[in-house]
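Structure below; questions to follow.
The values are calculated or read from the model by the stated rules, or taken from the named source; none is laboratory data. Note that the structure is predicted; figures quoted are calculated from it, not measured. In this analysis, Cβ positions are derived from the backbone assuming ideal geometry, glycine residues included, and neighbour counts consider all displayed protein chains.
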Amino acid sequence: MSTILEMRSITKEFPGVKALAGVDLEVTEREIHAICGENGAGKSTLMKVLSGVYPHGTYTGDIVFEDETMDFGSINDSEDRGIVIIHQELALVPYLSVAENIFLGNETRNRFGMIDWDSANHRAAELLARVGLHENPTTPVAQLGVGKQQLIEIAKALSKKVKLLILDEPTAALNDTDSAHLLGLLRNLRDEGITCIIISHKLNEIADIADRTTIIRDGQTIETIDMADPSSTQDRIIRGMVGRDLENRYPDRTPDIGDEVLRVEDWHVDHPTQAGRNIITGASFHVRAGEVVGIAGLMGAGRTELAMSIFGRSYGRNIRGRIFKNGKQIQVRDVAEAIGHHLAYATEDRKQYGLNLLADIRHNVSSAGLGKLSPGGWINGNEELKVAEEYRASLNIKTPNVLANVGKLSGGNQQKVVLSKWLYTDPDVLILDEPTRGIDVGAKYEIYTIINKMVAAGKAVIVISSELPELMGISDRVYTLAFGRITGEVPVAEATQERLMELMTLERDQPLPTKETNS
Amino acid sequence: MNVIAGARDLVTRHLRESGIFFAFALIVILFSVLNPNFLSPGNLTNIILQYSYILILAIGMLMIIVAGHIDLSVGSVVALTGAVSAVVVIRMGMPWYMGVIAALVVGLLVGMWQGFWVAYVGIPGFIVSLAGMLLFRGMTYLVLDNVSLSPFGGTYYQVANGFSNGLLGGEGFDVFTVLIFAIAVVGYAVSQWRSRQGKIAYRQSVESIPMFALKIVLVGAVVMWFGYQLAQSRGLPLVLIILAVLIIVYTLVTQKSVFGRHIYAVGGNRHAAELSGVKVRRINFWIFVNMGFLASVAGVVYSSRMNAAQPAAGNMFELDAIAACFIGGASTTGGVGRVGGAMIGGLIMAVMSNGMQLMGVPQSIQQVVKGLVLLLAVAFDIWNKRRAAAAR
């Protein structure tokens, strides 16, 4: 097999920062090549150099593609050569149809300069069949789920006669079924002759699919390993990524579980706009002081909807059920009441729902607990700064200054700001929705440590996660959620991925297994 | 750190905010070179009298823009509130304060009306206020029966045209005016000193004593010079007192109060604000009520200044107020902006109009120049943001 792409000692500097310091990457034709590295290691910058987002001349080093040195001036140049990048944030226009999206910017015109929609839809249908998506090409993209949208992006790439397909975190937002389908598709494409570069944080996924893996750390290539080699273990990749051994991916904790803090009984939630559609059906669960309770569920099971409907009715309508705090029934009609009852909810989508990206760290930290700083409605600015500094130090938020903008922090540090914000409200119960999504391995460990500190301080923590190893690594007890029902409650000692998955896929009409434990 | 290095550090760190100050200073210097009358006591007084109502509108508009909305109706509201006031004072012959009260009540009602549609029905402010622009203009014509009402005369006329002058006498200039300005400077120095002490108590870094003194002396000198100029002319304009009180109060509200912070939170990320316990609808409602209130204050000031209520009054005021905010660094997408910035933005517009009028530049060219300044100011802002982002 021959080398299709070689990037030689690529160096890219931003004022004051060296994002890439001589990266070498060599990709063989017809392989799936994974790139691993922590956030900020330079993976995305490297791919932007390759795809021409950073034009020739703004970096040093050589890009050799199909034995020719490339000097891409823009993303169009690289696409002309058959290099297509699919970004983590999908670039589809929601109200345009599938076919319109596939050919956007690349429309075929008839001799009058008009778009021939019949042929476009026909060609789109062919492309959709290639990616295994059975949808009408005239369907608006907004009506399809994230998994299908990802496939449309790939169909779009195929329409451009792609030779080298770059995928940035393609499965980050996908559930396991969709991920598996996507990875299968990549294998097929490889067999058809398309080379893939995949950036991913999911190491088991990389182990599963990649032929070779290049590890990048601090803007430098650490090593490229052949995944067929038995010494290419996940631990080896992690070691390369973080530059040290990560003995244990989950910090140890000796549970010290106290009294019940929160109990939710018979919780029902309907869809906010589709009348009569039940999202959560009769969910009951509880959590105790000093306990980490996991909620496992596939995407669409209603995990976020359950959490947000409890947190001040932030989701859904026609919400019925009872909430007990410390044994007493409480009313939680809006977010302010939820905060008043010392509940906290850290969202799964930091950028959309968690942070004000225009504001600095200080203002984000104080945003939910502003009342504590503001006797009589006037903010004590000095106290506010002090509070932010305290959380910066105690949660190890890596920033020179709490007056820095939150939008400029890495995912892990942003998550720490979100946690600071909720810790400052003195919560008794914290609901953490996908607390480590999009965060690199080192920062994940820090987040787990923070969770451990919370429970050590007697707080009750509910963690929602789609990563089962994570849930089993940090929880004391796991509830499974499937199609809006709580289908099981498993003490972590008895939990296996298979067992949880079985409960998570229980359909609506299947009977619940009899409860064998009630801890 | 010596004084010069300290000053340079201060400037580079705050380029975004200070950039607009430099632009303002540059424009002032330019016009004073081109026309020696520009900085004369009489002309400075005129600038205040002519543009105070735009600045008052810009305060409310800034809060609307920070929250991520826009209000196109303020010009019509200025006209409507002035008209109501004229009907009460001139046609019905009631005392001047009844006119003011009537105008303020109408302004608050207008604000509640618009706030209701924006906050509780969820119609974008652009649409609600576009409708309001027509609605309130039409109502103005109805209230006035399509004719101007004048003159107000008496105390009402004094609101925008009166001066506090000669209370303490003085040879060629008004001692009282100078005294008020001196009190203001001392108040500024004291509040700055207290804030500095507070920071020290919290172990934050503060500027060195010479830097601090330099800042106070510079600000004090500019303010006192301005006061002295006013004192040489007609004294302290009453409307300047109204404006100063509004600026101080609203600067405090936006920067120091929970309500103000919530406006920034809503504009920065509405969903995040909602999930942090901010009552987003309530905030949206009250900023429109507030806008209605300030528009009615501007309506009183403008009708008093004109000594009449005209059906076409306040036309295009909304655009001047919006331009002031954007020139002053507010973001078009919300979440960013300061009252102080909007005031400087408004003054830039004011100084340019006035300067060009003094030089006899035709109205057509004035419009062209103002349009370009708005465009360049926002372009500068975007360039500056990109530069800051690239510096990372």
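Within region A:430-454, can you find the residues that are assigned to a helix (DSSP H, G or I), of a type outside the set (D, E, K, R) and at pLDDT below 90?
To start, the set of residues in region A:430-454 that are assigned to a helix (DSSP H, G or I) comprises A:441-454.
Of the ones still in play, those that are also of a type outside the set (D, E, K, R) are A:441-443, A:445, A:447-452, A:454.
A:Val441, A:Gly442, A:Ala443, A:Tyr445 - these are the residues of region A:430-454 that are assigned to a helix (DSSP H, G or I), of a type outside the set (D, E, K, R) and at pLDDT below 90.
Shifting gears a bit: Quick one: would you say B:Ile287 is modelled with pLDDT of 95 or more, away from every other protein chain (no Cβ under 14 Å) and either in contact with a Cys (Cβ under 7 Å, 6 or more places away or on another chain) or surrounded by 17 or more Cβ atoms within 10 Å (Cβ to Cβ) (or both)?
Working: modelled with pLDDT of 95 or more: yes; away from every other protein chain (no Cβ under 14 Å): yes; either in contact with a Cys (Cβ under 7 Å, 6 or more places away or on another chain) or surrounded by 17 or more Cβ atoms within 10 Å (Cβ to Cβ) (or both): yes.
Yes: the conditions hold for B:Ile287.
Has region B:316-337 got any residue that is at pLDDT below 95, in contact with a Cys (Cβ under 7 Å, 6 or more places away or on another chain) and not in a helix (DSSP H, G or I)?
yes
Yes or no: region A:460-467 includes at least one residue that is among the β-branched types (Val, Ile, Thr) and under 14 Å from the mean Cα position of the chain (by Cα).
So the first thing to find is which residues in region A:460-467 are among the β-branched types (Val, Ile, Thr), and the list is A:461-464.
Among the residues that remain, those that are also under 14 Å from the mean Cα position of the chain (by Cα) are: A:464.
Checked region A:460-467: at least one residue is among the β-branched types (Val, Ile, Thr) and under 14 Å from the mean Cα position of the chain (by Cα).
Table: residues versus (1) more than 21 Å from the chain's Cα centre (by Cα); (2) within 14 Å of chain A (Cβ to nearest Cβ); (3) free of Cβ contacts under 8 Å to residues at least 12 places away in the same chain.
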position: B:Phe181; (1), (2), (3): no, no, no
position: B:Ala201; (1), (2), (3): yes, yes, yes
position: B:Ala213; (1), (2), (3): yes, no, yes
position: B:Tyr228; (1), (2), (3): yes, no, no
position: B:Leu240; (1), (2), (3): no, no, no
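Identify all residues within region A:101-120 that are within 27 Å of the chain's Cα centre (by Cα) and over 26 Å from A:Arg190 (Cα atoms); write none if there are none.
Within region A:101-120, none qualify.
Further question on the same structure: Hand me the list of helices (runs of 4 or more DSSP H) wholly inside region A:342-415 holding 1 or more residues that are more than 11 Å from every other protein chain (Cβ to nearest Cβ) and under 20 Å from A:Pro435 (Cα atoms).
Values: elements: A:361-366, A:370-373, A:381-394.
In region A:342-415, A:361-366, A:381-394 are the helices (runs of 4 or more DSSP H) which contain 1 or more residues that are more than 11 Å from every other protein chain (Cβ to nearest Cβ) and under 20 Å from A:Pro435 (Cα atoms).
Could I ask something else about it? May I ask you to say which residue of A:Arg130, A:Arg123 is under 28 Å from the mean Cα position of the chain (by Cα), in the same structural domain as A:Asp77 (by TED's automatic domain parsing) and not acidic (Asp, Glu)? Walk me through it before giving the result.
Details: A:Arg123 fails: under 28 Å from the mean Cα position of the chain (by Cα).
So the residue among A:Arg130, A:Arg123 that is under 28 Å from the mean Cα position of the chain (by Cα), in the same structural domain as A:Asp77 (by TED's automatic domain parsing) and not acidic (Asp, Glu) is A:Arg130.
Residues checked against (1) at pLDDT 85 or above; (2) closer than 23 Å to A:Leu20 by Cα; (3) of a type outside the set (Lys, Arg):
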site: A:Arg187; (1), (2), (3): yes, no, no
site: A:Thr195; (1), (2), (3): yes, no, yes
site: A:Lys202; (1), (2), (3): no, yes, no
site: A:Asp211; (1), (2), (3): yes, no, yes
site: A:Thr224; (1), (2), (3): yes, yes, yes
site: A:Ser232; (1), (2), (3): no, no, yes
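May I pose another question? Confirm whether A:Thr69 is in contact with an Asp or Glu (Cβ under 9 Å, 6 or more places away or on another chain) and either within 22 Å of A:Ala157 (Cβ to Cβ) or within 14 Å of chain B (Cβ to nearest Cβ) (or both). Step through it out loud before you land on a result.
Values: in contact with an Asp or Glu (Cβ under 9 Å, 6 or more places away or on another chain): yes; either within 22 Å of A:Ala157 (Cβ to Cβ) or within 14 Å of chain B (Cβ to nearest Cβ) (or both): no.
So A:Thr69 fails the test.
Which numbered condition trips up B:Gly6, out of (1) at pLDDT 90 or above; (2) crowded, with 16+ Cβ neighbours inside 10 Å?
Result: B:Gly6 passes all but (1).
List the number of the failed condition for A:Phe324; all other conditions in (1) in a loop (DSSP other than H, G, I, E, B); (2) surrounded by fewer than 17 Cβ atoms within 10 Å (Cβ to Cβ); (3) among the hydrophobic types (A, V, I, L, M, F, W, C); (4) not assigned by TED's automatic domain parsing to the domain that holds A:Ile199 hold.
Condition (1) is where A:Phe324 drops out.
Right, here's the next one. Looking at A:Ala404, A:Ala388, which one is under 27 Å from B:Val253 (Cβ atoms), buried (at least 18 other Cβ atoms within 10 Å of the Cβ) and outside the structural domain of A:Gln88 (by TED's automatic domain parsing)?
Answer to the check: A:Ala388.
Okay, next question. For the subset of region A:20-65 comprising residues that are of a type in the set (D, E, K, R) and farther than 27 Å from A:Gly184 by Cβ, which member is nearest to the chain's Cα centre (by Cα)? Before the answer, list the steps.
Start the filter on region A:20-65 by keeping residues that are of a type in the set (D, E, K, R), which leaves A:24, A:26, A:29-31, A:38, A:43, A:48, A:62.
From the residues that got through so far, the ones that are farther than 27 Å from A:Gly184 by Cβ too are A:24, A:38, A:48, A:62.
Details: A:Asp24: 27, A:Glu38: 14, A:Lys48: 20, A:Asp62: 32 Å.
Per the criteria, the residue is A:Glu38.
I would also like to ask the following. Restricting attention to region B:312-337, which residues are surrounded by fewer than 21 Cβ atoms within 10 Å (Cβ to Cβ) and over 21 Å from B:Ile47 (Cβ atoms)?
Taking region B:312-337 as the starting set, the residues that turn out to be surrounded by fewer than 21 Cβ atoms within 10 Å (Cβ to Cβ) are B:312, B:315-316, B:319, B:331-333, B:336.
Once the filter is applied, which keeps residues that are surrounded by fewer than 21 Cβ atoms within 10 Å (Cβ to Cβ) and over 21 Å from B:Ile47 (Cβ atoms), region B:312-337 yields B:Ala312, B:Ser331, B:Thr332, B:Thr333, B:Val336.
Still on this structure, please answer the following. Can you tell me which condition B:Gly299 does not meet? The list is (1) within 13 Å of another protein chain (Cβ to nearest Cβ); (2) surrounded by 19 or more Cβ atoms within 10 Å (Cβ to Cβ); (3) assigned to a helix (DSSP H, G or I), and all the others hold.
(1)
I've got another one for you. Residues that are touching an Asp or Glu at 6+ places or on another chain (Cβ under 9 Å) and within 14 Å of chain B (Cβ to nearest Cβ): does region A:26-40 have at least one?
yes
So which residues in region A:293-317 are away from chain B (no Cβ under 14 Å) and in contact with a Leu (Cβ under 9 Å, 6 or more places away or on another chain)?
A:Gly294, A:Ile295, A:Ala296, A:Gly297, A:Leu298, A:Met299, A:Ala301, A:Gly302, A:Arg303, A:Leu306
Out of all the residues in region A:318-341, which are facing chain B (nearest Cβ under 8 Å) and within 24 Å of A:Met454 (Cβ to Cβ)?
Here is the first cut: in region A:318-341, the ones facing chain B (nearest Cβ under 8 Å) are A:334-336, A:338-339.
Answer for region A:318-341, where residues must be facing chain B (nearest Cβ under 8 Å) and within 24 Å of A:Met454 (Cβ to Cβ): A:Val335, A:Ala336, A:Ala338, A:Ile339.
Go through (1) part of a helix (DSSP H, G or I); (2) touching a residue at least 40 places away in the same chain (Cβ under 8 Å) for A:Leu167 and report which single condition fails.
Among (1) part of a helix (DSSP H, G or I); (2) touching a residue at least 40 places away in the same chain (Cβ under 8 Å), the lone unmet condition for A:Leu167 is (1).
Go through the residues of region A:23-43 one by one and say whether even a single one is in a helix (DSSP H, G or I), in contact with a helix residue (DSSP H, G or I) (Cβ under 6 Å, 6 or more places away or on another chain) and farther than 25 Å from A:Ala443 by Cβ. Spell out how you get there, then give the answer.
Pass one, region A:23-43, residues in a helix (DSSP H, G or I): A:43.
When the remaining residues are screened for being in contact with a helix residue (DSSP H, G or I) (Cβ under 6 Å, 6 or more places away or on another chain), the result is none.
Checking region A:23-43: not a single residue is in a helix (DSSP H, G or I), in contact with a helix residue (DSSP H, G or I) (Cβ under 6 Å, 6 or more places away or on another chain) and farther than 25 Å from A:Ala443 by Cβ.
What pairs come out if I take residues in region A:43-56 that are within 11 Å of A:Gly73 (Cα to Cα) and pair them with residues that are among the β-branched types (Val, Ile, Thr) and part of a helix (DSSP H, G or I) whose C-beta lies under 8 Å away, six or more apart or interchain?
If the second residue must be among the β-branched types (Val, Ile, Thr) and part of a helix (DSSP H, G or I), the pairs left are A:Ser51/A:Ile75; A:Gly52/A:Ile75; A:Val53/A:Ile75; A:Tyr54/A:Thr45.
On to the next question. Can you tell me which residue in region B:192-206 is nearest to A:Gly381 (Cα to Cα), limited to those that are modelled with pLDDT of 85 or more and among the polar types (S, T, N, Q)?
Ranking the qualifying residues of region B:192-206, first place goes to B:Ser195.
Here are the criteria: (1) under 22 Å from A:Ala443 (Cβ atoms); (2) over 28 Å from the mean Cα position of the chain (by Cα). Tell me which single one A:Thr69 does not satisfy.
So A:Thr69 meets the others, but not (1).
Among residues belonging to region A:283-301 that are assigned to a loop (DSSP other than H, G, I, E, B) and not charged (D, E, K, R), point out the one that is nearest to A:Pro251 (Cα to Cα).
Kept after step one, since they are assigned to a loop (DSSP other than H, G, I, E, B), are these residues of region A:283-301: A:289-291, A:298-301.
Among the residues that remain, those that are also not charged (D, E, K, R) are: A:289-290, A:298-301.
Details: A:Ala289: 19, A:Gly290: 15, A:Leu298: 25, A:Met299: 27, A:Gly300: 30, A:Ala301: 28 Å.
So, considering only residues that are assigned to a loop (DSSP other than H, G, I, E, B) and not charged (D, E, K, R), the one nearest to A:Pro251 (Cα to Cα) is A:Gly290.
In region B:251-272, which residue that is within 19 Å of A:Trp422 (Cβ to Cβ) and facing another protein chain (nearest Cβ under 7 Å) is surrounded by the most Cβ atoms within 10 Å (Cβ to Cβ)?
B:Ala265
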